[in-house]
Amino acid sequence: MSKGHKKTGSAGELTTSGGGETKKARGRAYERELARLQVEIAHLQAWVKASGARIVVIFEGRDAAGKGGLIKRLTERVSPRVFRVEALPAPSDRQKSQIYMQRYIEKLPAAGEIVIFDRSWYNRPGVERVMGFCSEQAALRFLEVIPHLESLLVESGVTLLKYFLTVSEDEQERRFVKRIEDPVRQWKLSPMDLESYRRWWDYTKAYDEMLTLTDTPHAPWWIVDSNDKKAARVNCISHLLASIPYTKIRHEEPKLGKRQKQPDDYVADPVARNVVPAVF
């Protein structure tokens with residue numbers, strides 16, 4: 001299913017280091033590389049704003065494959081006005097009566113925006129198909145039509161990147177068990193996640209067909225091995241940056257100037273205020 005591509009930066013070092021590397025040293029290498037990449041993401045953001053580029057990034061994949069963590073690292077140091085994350089809930093009754101793609105199309109970027117779909121229109125041949133939320137005919141029709149729609153998006157000037165995160169059966173189970181046992185992670189485990197665990201091979205067949213029929217020259221799928229979350233984050237972000245021909249925009253350093261002096265007639269407000277207790 002995967003396509004080969006060059007590793008960029010020191011991401012390759014992170015994934016191919018020798019067995020003698022300690023966990024702590026590897027963690028430091030990961031943090032250094034992530035910090036470097038986040039600087040580049042800031043440069044990408046400035047270029048997108050200046051150029052009026054429109055970029056769509058789709059993240060699909062197995063439950064517990066690490067989509068949320070990857071998106072968090074991608075967006076945690078940038079403006080939500082430029083990087084917009086869309087994780088659409090189940091459709092309302094009104095949306096169910098609309099054309100399937102309607103609620104996704106209205107979320108597409110305007111000039112100067114990057115829209116990240118945490119799951120996307122590919123819900124139809126994935127979750128909806130496997131769980132019986134749509135008919136088999138509707139799923140097959142989607143797989144037939146969506147390459148043409150994506151072609152129109154690309155022809156209109158939208159940059160479209162599609163990533164599919166994979167994880168092994170054993171690793172997915174380990175992550176689910178961790179969610180069950182950890183109170184701060186339990187919210188991540190939904191009934192749909194549990195069903196995806198039980199129906200591993202139903203999802204495998206659905207995803208295999210989806211990737212085969214919608215992997216096109218104008219909108220290819222890029223497979224991300226996410227058994228190692230940290231390596232997956234560095235590898236995927238590195239690839240994303242390498243896939244967009246951004247340039248560094250010169251930053252004019254602002255000058256603070258002088259702060260005004262306190263007026264001679266200023267008197268502090270004597271009204272008592274509710275102050276948060278200093279417990280730390």
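The values are calculated or read from the model by the stated rules, or taken from the named source; none is laboratory data. All values derive from a computational prediction rather than experimental measurement. Every residue, glycine as well, gets a Cβ built from its backbone with ideal geometry; the counts of neighbours run over all protein chains shown. To get the accessible areas, we keep the full protein, side chains included, count just its heavy atoms, and leave off ligands, DNA and RNA. Shrake-Rupley method; radii C 1.70, N 1.55, O 1.52, S 1.80 Å.
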- Every listed condition ((1) over 16 Å from the mean Cα position of the chain (by Cα); (2) at pLDDT 95 or above; (3) open to solvent by 10 Å² or more (accessible area, probe 1.4 Å)) holds for LYS229 save (1)
- Message: So, in the stretch 128-152, how many residues would count as being among the polar types (S, T, N, Q) and open to solvent by less than 100 Å² (accessible area, probe 1.4 Å)?
- Response: 2
- Quickly run through the stretch 83-118 and pick out the residues that are of a type in the set (D, E, K, R) and more than 20 Å from ARG54 (Cβ to Cβ). ASP93, ARG94, LYS96
- Residue by residue through the stretch 181-207, note down the ones that are of a type in the set (A, V, I, L, M, F, W, C) and open to solvent by less than 50 Å² (accessible area, probe 1.4 Å). LEU189, TRP200, ALA206
- Query: Out of all the residues in the stretch 94-126, which are within 18 Å of the chain's Cα centre (by Cα), within 16 Å of TYR207 (Cβ to Cβ) and surrounded by 19 or more Cβ atoms within 10 Å (Cβ to Cβ)?
  - Reply: SER120, TRP121, TYR122, ASN123, GLY126
- Note on the structure: Going through (1) within 21 Å of PHE117 (Cβ to Cβ); (2) at pLDDT 95 or above one by one, GLU169 fails only at (1)
- Task: Give the stretch 240-265 a look and list any residue that's touching a residue at least 24 places away in the same chain (Cβ under 8 Å) and either touching a Ser or Thr at 6+ places or on another chain (Cβ under 7 Å) or surrounded by fewer than 18 Cβ atoms within 10 Å (Cβ to Cβ) (or both), or say none.
- Result: LEU241, ALA242, SER243, ILE244, THR247, LYS248, ILE249, HIS251
- Identify the residue in the stretch 1-28 that is of a type in the set (A, V, I, L, M, F, W, C) and surrounded by fewer than 17 Cβ atoms within 10 Å (Cβ to Cβ) and, among all such residues, is modelled with the lowest pLDDT. MET1
- Restricting the search to the stretch 69-93, which residues are surrounded by 11 or more Cβ atoms within 10 Å (Cβ to Cβ), basic (Lys, Arg) and more than 11 Å from the chain's Cα centre (by Cα)? ARG77
